[in-house]
Amino acid sequence: MLATSAALIAGAGIASAETVVLENFTLIDGTGRAPQRNQSLVMVDGRVTQVGPAARIKAPRGATRENLRGKFLMPGIIDSHVHLGLVDGIDQSFPKYYDRANVEEQLKLYAAYGVTSVYTLGTDGDEIHTIIADQRRIGRIDGARAFTAGRGVVYKGSYGGVPGLDQQVSTPAETVAMVRREVAKGDDFVKLWMDDEFGDVAERMPYSISKAAIDTAHALNKKAVGHIFYLENGAGLVSQGVDGFMHQVRDKPIDAKLIADMKARQTWQIASTLSREASFTYKLLPFVDDPFFVRGVAPTTIAALKSPERQARLSNGPHFGKYPQVLDLALQNFGTMAKAGIPYGMGTDSGPTARFPGYFAHWELELMVKAGVTPLQALTAATGTNARFLNARDIGTVERGKWGDLLVLDRDPTADIRNTRSIRAVYVAGRKQPTIWETCTGQAANACGPATR
């Protein structure tokens, strides 16, 4: 009788769990392995409990089942370089717009585009730590998961950060104190900026400051990542032990010495932000009428992008003519690093004005392939590799025990990287999220017309 009672109790526990079975899809698992046909998986309370050949997967009794024959399933995309809560449309202001509601709205937009996790890079207010703590406590969330560098380190009077957020330091001692203070708040990693905006800023961050930031991060068991532009600064930060670059070298072709030093020091190119560089080459973004883009922005934003005044202001900017060469160098250097075996992720630098959450991740993947990697390599960078950089063990691949953060596509993205846009479904922790094809920002739900995928 005791054995029978125990079995009944166990059975009741299984019945009460939320169980979802997805069947008969082609799996791109995020590890870099070739796609595997005729696969199925089981998720219980948001986590994958079984995954493998469909013939071997047993659907638990009472599970919700969905046949995905002809579809392609992969881990949710991870964007390793974003900024949250800075804008309303294309108007940017940290003091005006950074709050929990705006951050969470953007996290839901990322998820609609299949971006189920983001690394936010050094322009966050303290509210981000409450948001992330709540996410990790709840587990089964709506919207993308967030990891943060909190307030990144900016040398006083130099390039970096955002107006309205206190993050400037003048001395190594101030740098040590800031990094310790920020990590104590819950930063997942540490960010610093070393740039001079084409020489517009008088001084880049001194190496004494960057060394203090990197050494303190490592003393606290955190990784340190750098915003760079110049080859010489890349070399300098590698020699100091920086763990990764959040932009590509963009002033000249990288050399064999930097490649060798990055390999020796195990430095990652975690984001190349090719879509950021590409966006600066246009006075009117080329996708402004693309339904995949339009569904994610309000009509007022489209009108602002198309305004003749804005286009004239961009084309008359002092550095507008430099951006095509910057983009070419970024593409070339990313391709060189990838071919040389430098570990690389996928990151966009989306979030500031006119760099749009979610959409830019798909553009970034397209540009990575243009630069010389295969679609499968780009997808692996945007999933398993990005998760591995921060040792985010619950995401990034489709494996037993991990969160069911999934992207289901109508067409094969390993055959054509633009097929990442054929979004059929997005899951975060096993629950469907509204996709971009079910979204119509700033308008009535039916105003955007039927999904074209």
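Got a sec? Which residues in segment 136-178 would a label at Tyr207 touch, if it sits 7 Å along Cα→Cβ and we count backbone N under 17 Å? The answer is 172, whose backbone nitrogens lie closer than 17 Å to the label point.
For segment 316-440, the carbon plus sulfur part of the accessible surface works out to 47%, probe radius 1.4 Å.
Think of the chain as having a plus end and a minus end, set by charges on the Cβ of Lys, Arg, Asp and Glu; of Thr19, Leu121, Val326, Thr19 sits farthest toward the positive end of this dipole.
Nearest 20 debye, what's the magnitude of the dipole of segment 189-264 about its Cα centre given +1 on Lys and Arg Cβ and -1 on Asp and Glu Cβ?
Working: 9 positive and 11 negative charges, 77 e Å.
Around 380 debye, computed over segment 189-264.
Taking the Cα centre of the chain as the origin, how large is its charge dipole in debye, to the nearest 20, when only Lys and Arg (+1) and Asp and Glu (-1) carry charge on their Cβ atoms?
Computed charge dipole of the chain: roughly 1340 debye.
Beta-bridge orientation, the chain: approximately 50 percent antiparallel, per DSSP, counting only bridges with both partners inside.
Electrostatic tally near Ala304: other residues with Cβ closer than 15 Å to its Cβ, Lys and Arg +1, Asp and Glu -1, net +1.
Helix-only arithmetic for the chain: the sum of -39500 (n - 2.57) across DSSP H runs with n ≥ 4, divided by the residue total, places the mean residue ellipticity at 222 nm at -10000 deg cm²/dmol.
The local environment of Phe320, defined by Cβ-Cβ distances under 11 Å, has a net charge of +3 under the rule Lys, Arg +1 and Asp, Glu -1. When the charge dipole of the chain is built from unit charges on Cβ atoms (+1 for Lys and Arg, -1 for Asp and Glu) and taken about the Cα centre, the candidate among Val183, Thr439, Gly160 whose Cα reaches farthest toward its positive end is Thr439. For segment 149-165, the Karplus equation 6.51 cos²θ - 1.76 cosθ + 1.60, evaluated at θ = phi - 60°, returns couplings of 9, x, 9, x, 8, 10, 6, 4, x, 9, 7, x, x, 9, x, x, 10 Hz by residue, with Gly and Pro reported as x. Checking [x] 65, 55, 42; [y] 82, 47, 37; [z] 79, 51, 43 against the coordinates, the calculated Cα extents along the principal axes in Å falls under label [z].
On the beta carbon distance between Glu66 and Val176, with R0 = 60 Å, the FRET formula returns roughly 0.70. Computed extension gain for Asp394 through Ala260, at 0.36 nm per residue and net of the alpha carbon distance, reaches 45.1 nm. Taking the alpha-carbon distance from Lys432 and a cut-off under 14 Å, which aspartates and glutamates remain once sequence neighbours fewer than 8 residues away in the same chain are dropped? Answer for Lys432, where 14 Å is the Cα cut-off: Glu18, Asp45, Glu66, Asp142, Asp405, listed by chain and number.
Computed FRET efficiency, Cβ-Cβ of Lys58 and Ala451, R0 30 Å: what is it to the nearest 0.05?
Details: r = 33 Å, r/R0 = 1.11.
In this case the efficiency is close to 0.35.
Tell me, how many Å apart are the Cα centres for segment 217-286 and for segment 141-210? That distance is 15 Å. Between Ala303 and Arg137, the FRET efficiency estimated from the beta carbon spacing at R0 = 51 angstrom works out to 0.80. For segment 307-453, the solvent-accessible area with a 1.4 angstrom probe is 40 square angstrom per residue. Its relative contact order, with pairs defined as Cα atoms under 8 Å and 6+ residues apart, puts segment 63-107 at 28 percent. The mean sequence separation of alpha-carbon pairs under 8 Å and at least six residues apart, normalised by the residue count of the chain, gives a relative contact order of 20 percent.
Hey, what did segment 303-453 get for relative contact order, percent, Cα under 8 Å, at least 6 apart?
14 percent
Listed by chain and number, the aspartates and glutamates placed with their C-alpha closer than 15 angstrom to that of Lys306 are Asp91, Asp289, Asp290; residues fewer than eight positions away on the same chain are left out. Relative to one another, the C-alpha centroids of segment 50-99 and segment 351-388 are positioned 15 Å apart.
Highest mean packing comes first when the peptides 172-180, 23-31 are listed by Cβ atoms within 10 Å, giving 23-31, 172-180. Net charge dipole, segment 278-433: roughly 200 debye, given to the nearest 20, about the Cα centre with Cβ charges of +1 for Lys and Arg and -1 for Asp and Glu.
The values are calculated or read from the model by the stated rules, or taken from the named source; none is laboratory data. This structure is a prediction, so every number in the text was calculated from the model and none was measured. Cβ atoms come from the backbone with ideal geometry, glycine included; neighbour counts cover every protein chain shown. Surface areas here come from the heavy atoms of the whole protein model, side chains and all, with no ligands, DNA or RNA. Shrake-Rupley method; radii C 1.70, N 1.55, O 1.52, S 1.80 Å.
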